[in-house]
Amino acid sequence: MFEETSSPLNDPICGDVSTDYTSLDQQLRLNRQRRAHCASLELELTRLAGHINAINYQFIKLLAEFDEHGGWQVDGVKTFAHWLNWKCGIGALAAREKIRVAQALNDLPLINESFRSGEISYSKVRAMTRVATTDNESLLLTIAEHGTAQHVEQTVRKYRRVGHWMTRTDKDRKSTRLNSSHVVISYAVFCLKK
């Protein structure tokens, strides 16, 4: 009889690598179930995120209306941001940002509609409204629809930097080129990414 001391199925280094098809089938079935469960969780998370975005929109629009009617102007309250901090528990900086966004949305119909429908998040809207105009909101909205909130923030930062650089006089720009090359580099990078 042939004595089996070393076989590929009973390797001393790898251990017993014999195939147990029953456990392999169970593992495959469990992996499919786990993937299906994660897919349903992902669907629910993104659905809820859309609802949160739409509710944030409603909150921002109510802020705009409340501010328009001066509802926050009561004894002892210095600013609307102060009122939001006191009554809604929103930090002063976050409150000022919400007020700024609320006021900006009135002039940005495309961003306003995407936010209303829950398609884009408050984080993206907050970033875009820092630089958005009716002329560039379509471009910014495209970036927001296809990028992450961080990507939108970075784009807006570069846009602001370039805009600041472009509003300088020729003399100031020449001076900037000599003293601060990062501005010129940022401008070049922004132009290349368009």
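Could you tell me whether the range 107-119 includes any residue that is among the aromatic types (Phe, Trp, Tyr) and under 16 Å from the mean Cα position of the chain (by Cα)? Outline the logic, then answer.
The first filter runs over the range 107-119 and keeps only residues among the aromatic types (Phe, Trp, Tyr), leaving 115.
With under 16 Å from the mean Cα position of the chain (by Cα) added as a condition, the list becomes 115.
Yes: the range 107-119 contains one or more residues that are among the aromatic types (Phe, Trp, Tyr) and under 16 Å from the mean Cα position of the chain (by Cα).
Mind listing whichever residues of the range 132-167 are among the hydrophobic types (A, V, I, L, M, F, W, C) and in contact with a Leu (Cβ under 7 Å, 6 or more places away or on another chain)?
Of all residues in the range 132-167, those among the hydrophobic types (A, V, I, L, M, F, W, C) come to 132, 139-141, 143-144, 149, 152, 156, 162, 165-166.
Result: ALA132, LEU141.
Each value in this text was obtained by applying a stated rule to the coordinates, not by laboratory testing. From a predicted model like this one, the values you see are computed outputs, not experimental measurements. Cβ atoms come from the backbone with ideal geometry, glycine included; neighbour counts cover every protein chain shown.
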